[in-house]
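Novice: Handing you this structure, nothing more for now.
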Amino acid sequence: MMEERSAGAVIFSVDSSMNVNFLLLQHSAGHWDFAKGNIEHGENESQAAFREIREETGIETVHFFEGFSGKVEYYYRRERNLVHKEVVFFLAKSDSQKVILSNEHIGYSWCDFDNSLAKLTYKSAKEVLMQAQNFLKSTYLK
């Protein structure tokens with residue numbers, strides 16, 4: 001079995017009324033998810049997550065929150081091989097909501113928690129979003 005590791009981020013912004021909005025990306029296949037991608041040779045997880053944020057959203061500056069880490073594991077087939085994939089998610093605050101999409105995506109949306117939860121396609125992404133929301137409530141949004 002092949003092993004694959006990726007990193008990404010639950011990106012959020014906060015408006016002047018302290019409303020939190022999360023950034024969701026729509027992939028060309030139609031599903032909604034967070035910015036993420038494979039960890040390249042010589043990168044650590046946070047470096048890969050930051051590179052993926054820049055490449056997929058055009059956002060150049062984010063603040064990663066220490067103490068948060070979500071993990072998703074799943075299996076998929078690449079040709080005839082079974083691949084075990086592990087994705088580590090960081091929590092990142094962006095001061096800008098300006099997004100420049102990569103060619104991997106066909107849309108994006110900044111949504112509050114409830115709308116983000118409804119829009120995300122995969123159960124595992126919804127679970128990571130719930131973990132991020134709980135983390136924010138217990139630390140940042142006290």
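The values are calculated or read from the model by the stated rules, or taken from the named source; none is laboratory data. Just so you know, these numbers come straight off a predicted model, no measurement behind them. Here the Cβ is made from the backbone with ideal geometry for all residues, glycine too, and neighbour counts use every protein chain on show. Keep in mind that these areas ignore ligands, DNA and RNA; they rest on the heavy atoms of the full protein, side chains included. Shrake-Rupley method; radii C 1.70, N 1.55, O 1.52, S 1.80 Å.
Novice: If you check Glu40 against the conditions, is it modelled with pLDDT of 95 or more and within 16 Å of the chain's Cα centre (by Cα)?
Specialist: Numbers: modelled with pLDDT of 95 or more: yes; within 16 Å of the chain's Cα centre (by Cα): no.
No.
Novice: I've got another one for you. Can you name every residue in the stretch 92-136 that is touching a Leu at 6+ places or on another chain (Cβ under 9 Å) and aromatic (Phe, Trp, Tyr)?
Specialist: If the condition is that a residue be touching a Leu at 6+ places or on another chain (Cβ under 9 Å) and aromatic (Phe, Trp, Tyr), then Tyr108, Trp110, Phe113, Phe135 are the ones that fit.
Novice: Give the stretch 62-76 a look and list any residue that's assigned to a loop (DSSP other than H, G, I, E, B), open to solvent by 70 Å² or more (accessible area, probe 1.4 Å) and either of a type outside the set (Gly, Ala, Ser) or under 13 Å from Ala9 (Cβ atoms) (or both), or say none.
Specialist: First, pick out the residues of the stretch 62-76 that are assigned to a loop (DSSP other than H, G, I, E, B): 65-69.
Checking the rest, the ones that are also open to solvent by 70 Å² or more (accessible area, probe 1.4 Å) come to 66-67, 69.
Selection gives Glu66, Ser69.
Novice: Restricting the search to the stretch 114-132, which residues are touching a residue at least 24 places away in the same chain (Cβ under 8 Å) and farther than 13 Å from Ala9 by Cα? Explain how you work it out, then say what you get.
Specialist: Step one: of the stretch 114-132, the residues touching a residue at least 24 places away in the same chain (Cβ under 8 Å) are 116, 119-122, 124-125, 127-129, 131-132.
Result: Ser116, Lys119, Leu120, Thr121, Tyr122, Ser124, Glu127.
Novice: Within the stretch 72-93, restricting attention to residues that are touching a Phe, Trp or Tyr at 6+ places or on another chain (Cβ under 7 Å) and charged (D, E, K, R), which residue is farthest from Ser6 (Cα to Cα)?
Specialist: Checked the stretch 72-93; the qualifying residue farthest from Ser6 (Cα to Cα) is Lys93.
Novice: Any residue at all in the stretch 47-57 that is over 14 Å from the mean Cα position of the chain (by Cα) and farther than 19 Å from Gly70 by Cβ?
Specialist: no
Novice: Looking at this structure, is Glu79 open to solvent by 60 Å² or more (accessible area, probe 1.4 Å) and farther than 22 Å from Gln133 by Cα?
Specialist: Yes; evaluated as a whole, the condition is true for this residue.
Novice: Further question: Go through the stretch 92-128 and give me each residue that's farther than 26 Å from Ser17 by Cα and part of a loop (DSSP other than H, G, I, E, B).
Specialist: Leu101, Ser102, Asn103, Glu104, Thr121, Tyr122
Novice: Among the residues of the stretch 91-110, is any hydrophobic (A, V, I, L, M, F, W, C), closer than 24 Å to Gln47 by Cα and either surrounded by fewer than 16 Cβ atoms within 10 Å (Cβ to Cβ) or free of Cβ contacts under 8 Å to residues at least 12 places away in the same chain (or both)? I'd like the intermediate steps shown before the answer.
Specialist: Step one: filter the stretch 91-110 for residues hydrophobic (A, V, I, L, M, F, W, C), giving 91-92, 99-101, 106, 110.
Now drop any that are not closer than 24 Å to Gln47 by Cα, which leaves 91-92, 99-101, 110.
From what's left, either surrounded by fewer than 16 Cβ atoms within 10 Å (Cβ to Cβ) or free of Cβ contacts under 8 Å to residues at least 12 places away in the same chain (or both): 100-101.
Checked the stretch 91-110: at least one residue is hydrophobic (A, V, I, L, M, F, W, C), closer than 24 Å to Gln47 by Cα and either surrounded by fewer than 16 Cβ atoms within 10 Å (Cβ to Cβ) or free of Cβ contacts under 8 Å to residues at least 12 places away in the same chain (or both).
Novice: What's the total number of residues in the stretch 26-61 that are more than 22 Å from Met2 (Cβ to Cβ), open to solvent by 30 Å² or more (accessible area, probe 1.4 Å) and assigned to a strand (DSSP E or B)?
Specialist: 2
Novice: Within the stretch 3-25, which residues are open to solvent by 70 Å² or more (accessible area, probe 1.4 Å), in contact (Cβ under 8 Å) with a residue 40 or more places away in the chain and not basic (Lys, Arg)? Talk me through it step by step, then tell me what you get.
Specialist: Filtering the stretch 3-25 down to residues open to solvent by 70 Å² or more (accessible area, probe 1.4 Å) leaves 3, 5, 16-19.
Subsequent filtering for residues that are in contact (Cβ under 8 Å) with a residue 40 or more places away in the chain retains 3, 5, 18-19.
Across the stretch 3-25, the qualifying residues are Glu3, Met18, Asn19.
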